Amino acid sequence: MSDNFIPSLCARVADAAEKKVALRIRGGGTKDFYGAAVTGETCDVSSYAGIVAYEPKELVLTVRAGTPLALVEEALARERQMLPFEPPHFAPGATIGGIVATGLSGPRRPYAGAVRDFVLGTRIVNGKGEDLSFGGRVIKNVAGYDVSRLMAGALGTLGVITEISFKVLPRPPVEATLAFEMPEADAVTSVNQWSGQPLPISASAWEDGRLRLRLSGAETAIEAAKKKLGGEHIDAGSYWADLREHRLPFFAAGQPLWRLSVPQTMQPLALGAPQLVEWGGGLRWLCGDLDAFALRSSAERAGGHATLFRGGDKSVGVFHPLKPAVAKIHRRLKAAFDPAGILNPGRMYDF
């Protein structure tokens, strides 16, 4: 890796800011579908790759943003460790920087935490072309911690991520999956009741009358949970990986895919489309040509929000409209990190 990458990147961003030239930040391009379309010159960071530091005993990993996610997962697997939030790849070539930029987590998220919960520090180039570092590699170091978390899910609109430090966790020694035949309302109620008990639940998914529950932990804990919960012990095969990567038949309809985040205890939302429910009821996937206003109104009344995750008419806005006070904060952050507005402009909102 050339030592000139960061200085060259800083110079390019500073020049673009001066000339008001928009930059389209790109890593592996596996999540180009997510967010609104971005125009501008491509700023490819995929070449800035490699593990900077990995201390398995300290559960800390620092990696360059262009590093393939698969390579990171392989390195962690050799030490029987993992990124606890189960980030999706969606296609070969996914990079660790893209994972943080999109802020997407997999089935384990409600039981382990989200991307931002495991980011200890970041290094970025802001919209002025400045090389900045926040947080650090030591878990106890909280200086700048919240600034690092801002990068998770910002879709590159606040800075070009160049390095990230993560807290990682040991992989569970044993996993098992139970299946239950029950309607959606009962499934949501049951999972939330079980989640309040000392059970090793690590994922849940309901679709078409069938609830699947994943257990992760020590063998004795798994066996005790299976006896307590009942249900059918099934061979899940690749189910949880297929759910994370959207390879299940539910996601293959070729229709617009909506992602609703609502309170976990929210009962079924009658929205006129097939649904797959994750995160104990907190995440509802819907497929179909749905009315964006009606869908978002329903989500908002439930205390949540709706995102046009993939496909569909993006002119309705990909992300849920912001309340005026929240929009004001977003604009201030954008102005502070990217005053010229050149980094992925419009990828999230119209600023």
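Filtering ALA70, ALA77 for residues that are open to solvent by 30 Å² or more (accessible area, probe 1.4 Å), more than 30 Å from GLY346 (Cα to Cα), in a helix (DSSP H, G or I) and at pLDDT 95 or above leaves a single hit, ALA77. Within segment 187-200, one or more residues are assigned to a loop (DSSP other than H, G, I, E, B) and among the small types (Gly, Ala, Ser).
A quick yes/no check of all residues on (1) surrounded by 15 or more Cβ atoms within 10 Å (Cβ to Cβ); (2) in contact with a helix residue (DSSP H, G or I) (Cβ under 6 Å, 6 or more places away or on another chain); (3) part of a loop (DSSP other than H, G, I, E, B):
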residue: ASP289; (1), (2), (3): no, no, yes
residue: ALA299; (1), (2), (3): yes, no, no
residue: THR307; (1), (2), (3): yes, no, no
residue: ALA325; (1), (2), (3): no, no, no
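Does ALA273 satisfy the condition of being of a type outside the set (D, E, K, R) and assigned to a helix (DSSP H, G or I)? Considered against the rule, which asks whether it is of a type outside the set (D, E, K, R) and assigned to a helix (DSSP H, G or I), ALA273 comes out as no. Residues in segment 101-130 that are open to solvent by less than 20 Å² (accessible area, probe 1.4 Å), part of a loop (DSSP other than H, G, I, E, B) and either at pLDDT below 95 or farther than 30 Å from LEU276 by Cα (or both): ASN126, GLY127, GLY129. Criterion applied to ASP15, ASP44, ASP32 was being surrounded by fewer than 18 Cβ atoms within 10 Å (Cβ to Cβ), over 20 Å from LEU243 (Cα atoms), of a type in the set (Asp, Glu) and without any contact (Cβ under 8 Å) to a residue 40 or more places away in the chain, and the one residue passing it is ASP44. The set of residues in segment 147-162 being under 17 Å from the mean Cα position of the chain (by Cα) and open to solvent by 20 Å² or more (accessible area, probe 1.4 Å) consists of ARG149, LEU150, ALA152, GLY153. Among the residues making up segment 131-142, those that are in a loop (DSSP other than H, G, I, E, B) and either at pLDDT 95 or above or open to solvent by 30 Å² or more (accessible area, probe 1.4 Å) (or both) are ARG137, VAL138, ILE139, LYS140, ASN141, VAL142.
Among the conditions (1) part of a helix (DSSP H, G or I); (2) of a type in the set (A, V, I, L, M, F, W, C); (3) open to solvent by less than 30 Å² (accessible area, probe 1.4 Å), TRP285 misses just one, which is (1). When the criteria are applied in full, ARG284 meets the requirement of being within 19 Å of the chain's Cα centre (by Cα) and of a type in the set (D, E, K, R). Suppose we keep only residues that are outside any helix (DSSP H, G or I) and of a type in the set (Lys, Arg) within segment 228-261. Which one would you say is least open to solvent (accessible area, probe 1.4 Å)? This residue is ARG259.
Go through SER195, SER165 for me and flag whichever is open to solvent by less than 30 Å² (accessible area, probe 1.4 Å) and touching a residue at least 12 places away in the same chain (Cβ under 8 Å). Steps first, answer last, please.
Details: SER195 fails: open to solvent by less than 30 Å² (accessible area, probe 1.4 Å).
Only one candidate passes the filter, namely SER165.
Given the structure, is ARG212 open to solvent by less than 30 Å² (accessible area, probe 1.4 Å) and assigned to a strand (DSSP E or B)? Full working, then the answer.
Details: open to solvent by less than 30 Å² (accessible area, probe 1.4 Å): no; assigned to a strand (DSSP E or B): yes.
So ARG212 does not fit the description; no.
Residue-level check: of (1) in a helix (DSSP H, G or I); (2) surrounded by 15 or more Cβ atoms within 10 Å (Cβ to Cβ), GLY312 misses just (1).
Go through segment 262-280 residue by residue and tally those that are open to solvent by 50 Å² or more (accessible area, probe 1.4 Å) and β-branched (Val, Ile, Thr). The total comes to 1. Figure legend. Inter-residue proximity from segment 202-216: first residues in contact (Cβ under 8 Å) with a residue 40 or more places away in the chain, second residues among the basic types (Lys, Arg) and surrounded by fewer than 20 Cβ atoms within 10 Å (Cβ to Cβ), beta-carbon distance below 8 Å, spacing 6+ or different chains. Indicated pairs: LEU215/LYS226.
The values are calculated or read from the model by the stated rules, or taken from the named source; none is laboratory data. This structure is a prediction, so every number in the text was calculated from the model and none was measured. Cβ sites come from the backbone with ideal geometry, for glycine too, and all protein chains shown count toward neighbours. SASA here: full protein model, heavy atoms, side chains in, ligands and nucleic acids out. Shrake-Rupley method; radii C 1.70, N 1.55, O 1.52, S 1.80 Å.
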